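The values are calculated or read from the model by the stated rules, or taken from the named source; none is laboratory data. Quick caveat: nothing in here was measured; it's all calculated off a predicted structure. Here the Cβ positions follow ideal geometry from the backbone for every residue, glycine too, while neighbour counts run over all protein chains shown.
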Amino acid sequence: MKPFRSRSWIPLVLCAAAVSPAIPAGATNLNLGADYMVRGVGIKERDSTFPGDHYYDQRLQGYMIADLSEDVEATVRVQSITPWGLESSTTPLITRYPNANGGLWLQNAFIRLPKIYQDKAVLTIGRQPIQWGDGLILGDDELGFNAIRLQLKSPWEQLGADLDVFTAKISEGLQTSQDTNLSGALLGIDRDLVRWELMGLFENSNNLQNYEAGSDTTTTVATKIDRKIFGARIRTTVKDAYIRAEYYIQNGSVRRLPPSQDIKLGGSAYSIGLGAKANTERYGRFGAVGEYSESSGDDPNTQGQDEAFRPTFASRWSGLERKGWGRYFAATLADAYSPTSPFAPASSTNTGLPPGESGIQSIHIGIEATPWAKWTFTVDYYQYKANKSVTGPKDLGTEFDYGVVFRYSGLVYFRGSTNLFTPGTAYQFASTTTQKASESDIQASLKF
């Protein structure tokens, strides 16, 4: 973040001022900044009946951070997402975001009280970013959650513990008439080079919404969803190497029509990963990573139960593009990129998987090299498999990703990638028009 020094900030100031409270003249510090990204994307879909997408995605985020006093901070961040040349779209895009058609919307607006109890408690109130770990079960994807959040540190330093508690009302861009109640608590414990985290996430929604159990091939309507996810995460870091592991259990219920019946939720998921970087004479800075993740699918033989693990608010998006394991397939623990609805929020009816399949197993092996200070080259391999299938085949496919990053300066960088996806037998069995897919992109990013 940079101090305000130039008239070029005036448009951003006006945008932030339009959605922010008045800043007292006695504010001790005022910082303004912006992040700008433009990305060109070309996609060849894995089903030849769908036309490929070729478009540009522009995103601008302007922010203002004010230290109103020693113990009061205020932050306002606005965002605009604008697609160019999306020829296959004739209507405004429906995405996870409030607006993805060029309009300016409020991403964050919150007050932070960092010293409500000495230096051991931080209270944040308003629309704010929240993400746990890598976002496998919770991430706002630069959208912001309307929440009240309390972060506590143990008054005894030798204990090395902290607590993160929040409650939120989530409406997002889901086109529903009511908010979803979302709350959670995370307990962290630090021991030398190891950090342990225990967490619970609680989702309650009374919205009418389409719903499919993992083994369903037809859609019903859910009138109430009560989902609970409990988990544990461990990460250890030694110099430039790390090992992490996380495990989650899901329970709760779904009430759906017709007829009125309660479906019990179950299932679990886990993910492990390790990586390291080192300086080498031949390749410069060299790194490698290996990851394995697996989530449960719905067993078609257990009536009245849905064991498909589905974290509704997991991190999945970067602007208009999916993110996850693989640049094209973009798998999470529950879903993947969907050619039928490429920009729509992920749901039980929009998983990107063949009908009747649920749960995803992902394997990732990647390497990167920085032979010169400004250049980084990456190669990643992914393999995907469904956990449960009512049709038989479970192989979802493989993907190779090739990327390059050029850091022009500390404020500007360029990135490009070519990503090749080969559908597995599960997609070939579901459709006779299956073909090899690809995604290519080039991106320029600027911070100022």
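Annotation: of all residues in the range 12-48 being among the β-branched types (V, I, T) and closer than 13 Å to D67 by Cα, the one that is modelled with the highest pLDDT is T28. Pairs please, first residue from the range 81-110 and within 27 Å of R149 (Cβ to Cβ) and assigned to a loop (DSSP other than H, G, I, E, B), second anywhere and among the β-branched types (V, I, T) and modelled with pLDDT under 90, Cβ atoms under 9 Å, 6+ apart in sequence or on different chains. Close Cβ pairs (under 9 Å, with a partner that is among the β-branched types (V, I, T) and modelled with pLDDT under 90) amount to A100/I94.
Taking the range 321-347 as the range and being at pLDDT 95 or above, part of a loop (DSSP other than H, G, I, E, B) and more than 20 Å from T425 (Cβ to Cβ) as the test, the residues that pass are K323, G324, R327, A330, T332, L333, A334. If we scan the range 321-336, do we find a residue that is surrounded by fewer than 16 Cβ atoms within 10 Å (Cβ to Cβ) and either in contact (Cβ under 8 Å) with a residue 12 or more places away in the chain or small (G, A, S) (or both)? No: the range 321-336 contains no residue that is surrounded by fewer than 16 Cβ atoms within 10 Å (Cβ to Cβ) and either in contact (Cβ under 8 Å) with a residue 12 or more places away in the chain or small (G, A, S) (or both). For the range 353-380, the set of residues classified as aliphatic (A, V, I, L, M) and closer than 30 Å to T302 by Cα consists of L353, I360, I363, listed by residue number.
Do you know which of the residues in the range 270-292 that are out of contact with any Gly (no Cβ under 8 Å at 6 or more places or on another chain) and closer than 30 Å to G356 by Cβ is surrounded by the most Cβ atoms within 10 Å (Cβ to Cβ)? Across the range 270-292, the extreme among qualifying residues is S271. Within the range 313-320, does at least one residue satisfy the condition of being at pLDDT 95 or above, within 30 Å of V38 (Cβ to Cβ), hydrophobic (A, V, I, L, M, F, W, C) and part of a loop (DSSP other than H, G, I, E, B)? Yes: the range 313-320 contains one or more residues that are at pLDDT 95 or above, within 30 Å of V38 (Cβ to Cβ), hydrophobic (A, V, I, L, M, F, W, C) and part of a loop (DSSP other than H, G, I, E, B). Among all positions in the range 380-390, there is at least one residue which is modelled with pLDDT of 95 or more, on the phi < 0 side of the Ramachandran plot, surrounded by 15 or more Cβ atoms within 10 Å (Cβ to Cβ) and touching a Lys or Arg at 6+ places or on another chain (Cβ under 7 Å). Taking the criterion of being in contact with a Pro (Cβ under 9 Å, 6 or more places away or on another chain), part of a strand (DSSP E or B) and under 25 Å from S271 (Cβ atoms), the residues of the range 372-394 that qualify are A386, K388, S389.
The set of residues from the range 213-237 being in contact with a Pro (Cβ under 7 Å, 6 or more places away or on another chain) and either surrounded by fewer than 18 Cβ atoms within 10 Å (Cβ to Cβ) or modelled with pLDDT under 95 (or both) comprises S215, T217. Candidates are the residues of the range 161-212 that are within 14 Å of D226 (Cα to Cα) and in a loop (DSSP other than H, G, I, E, B); the one that is modelled with the lowest pLDDT is D179. Residue count for the range 47-71, restricted to those that are of a type in the set (S, T, Y) and either part of a strand (DSSP E or B) or more than 24 Å from Y337 (Cα to Cα) (or both): 4. Being part of a strand (DSSP E or B), aliphatic (A, V, I, L, M) and free of Cβ contacts under 8 Å to residues at least 24 places away in the same chain is a description that does not apply to I272. Under 7 Å by Cβ, and 6 or more places apart or on different chains, what pairs join a residue from the range 429-448 that is at positive phi with one that is among the small types (G, A, S) and modelled with pLDDT of 95 or more? Pairs found: none.
Tell me yes or no: at least one residue of the range 238-247 is under 23 Å from the mean Cα position of the chain (by Cα), surrounded by fewer than 17 Cβ atoms within 10 Å (Cβ to Cβ), at pLDDT 95 or above and hydrophobic (A, V, I, L, M, F, W, C). Yes; the residues of the range 238-247 include at least one that is under 23 Å from the mean Cα position of the chain (by Cα), surrounded by fewer than 17 Cβ atoms within 10 Å (Cβ to Cβ), at pLDDT 95 or above and hydrophobic (A, V, I, L, M, F, W, C). Counting the residues of the range 119-147 that are in a strand (DSSP E or B) and within 9 Å of the chain's Cα centre (by Cα) gives 2.
Candidates in the range 413-428 are the residues that are of a type in the set (G, A, S) and touching a residue at least 60 places away in the same chain (Cβ under 8 Å); of these, the one that is surrounded by the fewest Cβ atoms within 10 Å (Cβ to Cβ) is S417. Residue selection: K388 satisfies the criterion of being within 30 Å of D298 (Cα to Cα) and among the charged types (D, E, K, R).
Quick check on my filter: what residues within the range 337-371 are without any contact (Cβ under 8 Å) to a residue 24 or more places away in the chain, out of contact with any Pro (no Cβ under 9 Å at 6 or more places or on another chain) and either crowded, with 21+ Cβ neighbours inside 10 Å or hydrophobic (A, V, I, L, M, F, W, C) (or both)? Passing the criteria: Y337, T351.
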